[in-house]
Each structure stands twice: as structure tokens, then as C-alpha cells.
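The structure appears below as C-alpha cells.
The values are calculated or read from the model by the stated rules, or taken from the named source; none is laboratory data. If you're wondering where the values come from, they're calculated on a predicted model, not measured in any experiment. Note that each Cβ is placed from the backbone with ideal geometry, even for glycine, and that neighbours are counted across all protein chains shown. SASA here: full protein model, heavy atoms, side chains in, ligands and nucleic acids out. Shrake-Rupley method; radii C 1.70, N 1.55, O 1.52, S 1.80 Å.
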Amino acid sequence: MSANSSSTELCAVCSSAAAKYKCSNCYIRYCSVKCFKDHKTEICTAPKKAPSSAADSSGLTGETKGVHTTNDLGPDIDEEEEAKHRLTAQDLAKLDSAQDVKRLLMDPGIRAMVNDVCKNQNPAEAIRALRQRSDFEELVQALINATDSST
């Protein structure tokens, strides 16, 4: 078996296409947004060895529950690479106390943009497009500044 055998693994939902993505909760592999949505209509249980979710203890409101958190940046990013970009509990605590972020998220227009990104079939592309807007870019910079490890 070759080292790339995982790239030929079939989707656990439809069993007809190569699995490109992995559920961040139960780690089953799926091929598309449609299969992800189909999977999320069923009970999704985290494996016993799964790391605890930093978001569960962050005090985030119910508005963020159910938000798509799997890797949408590309099918070839492995778990280790993805983990480098995942927010830690410490990052979430920084965001919780970030006044600039809170101020910006009070704006109904920015909240609508964030909700649109969450509902988009291609969130990474939606973010790229929205970053052309100065109000959304201000939010992005506030998020980066709040979680910057040098602070």
C-alpha cells in the first residue's frame, strides 16, 4: 500500500467519491459539503481519544454552535498541519477579552457577513472576497491582533 492511500479512501457518507475532508468531531472522511451536511444530520460522536474542544470551555454563546469547523482550505492539509492553525483555549480567552473584536461584532453588517461566511459552501473563498471590504478587513486585523502570540 502506498503512502498516499488515504487520498483514495472513499467518502464514508456517499461511498462514491474520494474522501478529501475529515469531520473535526468524529473524524469520518467525506468528499463534499453536501456529504458533510448529510453527515451532520446524524449523531456525530467524538472518538474517545479525540482532544477536548477548547471552544466548549470558552464561554462562547449558542450562536457559534453548529458552525462548520472542518478544514475547508484544501484536501491535502493533514491533521498536524491543520492543528497548527487551530485556535487554542488561550487564543479563545484572548478573543473573549478583545474589546475591538467585540465592538466590531456589534455591527449588524459585520455580523451578517460572518453569518454568510458560515453558511457559504466555500467559506475560504467567501472570506477572500470579503477581505476586499474595509469593514471586514478591520475585523480580520482585530482578530489577528487579539490572538497574536507576541502579545
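How high is the FRET efficiency from Asn25 to Ala93, r the C-beta distance, R0 22 Å, rounded to 0.05? Working from the Cβ atoms, E equals 0.50. The gain in end-to-end length when the Gln132 to Thr8 segment is fully stretched comes to 41.0 nm, 0.36 nm per residue minus the alpha carbon separation.
Past the 21 Å Cα-Cα mark, which pairs from Lys34/Lys102; Lys22/Lys84; Lys84/Lys119; Lys40/Lys119? Violating the 21 Å Cα-Cα cut-off are Lys34/Lys102; Lys84/Lys119. Largest first, the residues Ile43, Ile110, Ile28 sort by 1.4 Å accessible area into Ile43, Ile28, Ile110.
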